[in-house]
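Contents: one structure, followed by commentary.
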Amino acid sequence: MGNQMEKLTHLNYKEVPTADPTGMDRDEGPRIGVSYIFSSDDDELEQQQQDSVAQDMGGEHPAPQPYDPRLQEVECSVYYRDECIYQKSFSGDDTAPDERDGGGAGQLSTYTPENLLNRCKPGDLVEFVCQAQYPHWAVYVGDFQVVHLHRLEVVNSFLTDASQGRRGRIANYLYRYKPLSPATVVRNALEQVGCKDRELSWRNSECFAAWCRYGKREFKIGGELRIGKQPYRLQIRLGDKRSHTLEFQSLEDLIMEKRRNDQIGRAAVIQELSSHLQAAEEEEEEADPGAQTAAE
């Protein structure tokens, strides 16, 4: 039957070695996140789920539900060693709730596809979001069109078609790498149109779009060796002055985990982490039952 490679993932955070729940980076040995080295494209999996739902509804896609980024999305930061290379945060936003149809989330505000078109410039990254779905990224190339990785193929589509009715935002400021010139970003995207299946060098739409804008090999499949210390950290914000950190050997693995969090939603992520942290605290108390007595 030949060799079969199964998807490497986890069912919940209890199965994942993690960092200190307070967010302090104490070096107490390896705290490793999940390796997605053999994983399928999550956009493809999402599309299969949507098609299945559409078939159950007689061929019609379900109407998108109301979307509030503050309720659905996970605030997080990504570090390479000590350098912050990505940040999604609602702190400091002072946008009015109904300002320009944006939802009051500052740079994370979302817009209808029609309103988003009025804001896009060639070379911009666009992120489409919807409750319980993986975010879908695209590169705006002008003339109302985007280039994106869709169903394991890089295609050129109208922005309104690529959105599939989802709200979207310009995502230029999430990653903190220095961007290439708009003309180079557009050229990178258009040169890949038609690539599919085994020709692809990206595992999902976010990695493809980010590579077009920043040109870094870290966004490509196998762009980094998964050997030795885990230099990437995903810091998930749980609340005021409380966070939780996972470490990864590659940016590609970290992005897959970050996208999983976006797909299951903020409430589910916090619930998973809370359950894991509570279990970890109980295990520590069982291992050292005299610690609490001594403290008292």
Contact order relative to length of the range 123-276, as percent, for alpha carbon pairs under 8 angstrom and 6 or more apart: 23
Inter-label distance for R81 and E191, nm, one decimal - labels placed 7 Å from Cα along Cα-to-Cβ: 2.9
Heavy atoms of I221 accessible to a 1.4 Å probe, total area in Å² rounded to 10: 80
Segment T160-T184, length gained on full extension (0.36 nm per residue, minus Cα span): 6.3 nm
Shape call, the range 181-254: gyration tensor on alpha carbons, a/c limit 1.5: prolate
When each of K88/K196; K121/K216; K121/K241; K88/K216 is checked by Cα-Cα distance, pairs over 28 Å: K88/K196; K121/K241
Using distinct alpha-carbon pairs, which all enter the 1/r mean, Kirkwood radius of the range 118-277 in Å: 16.6
Mean-position separation - Cα centroids, the range 190-213 and the range 147-186, in angstrom: 11
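The values are calculated or read from the model by the stated rules, or taken from the named source; none is laboratory data. All figures in this text were calculated on a predicted structure; none of them were measured in a lab. Quick reminder, even Gly has a Cβ in these numbers, built from the backbone with ideal geometry, and neighbours come from all protein chains shown. For accessibility, only protein heavy atoms count, side chains too; no ligands or nucleic acids. Shrake-Rupley method; radii C 1.70, N 1.55, O 1.52, S 1.80 Å.
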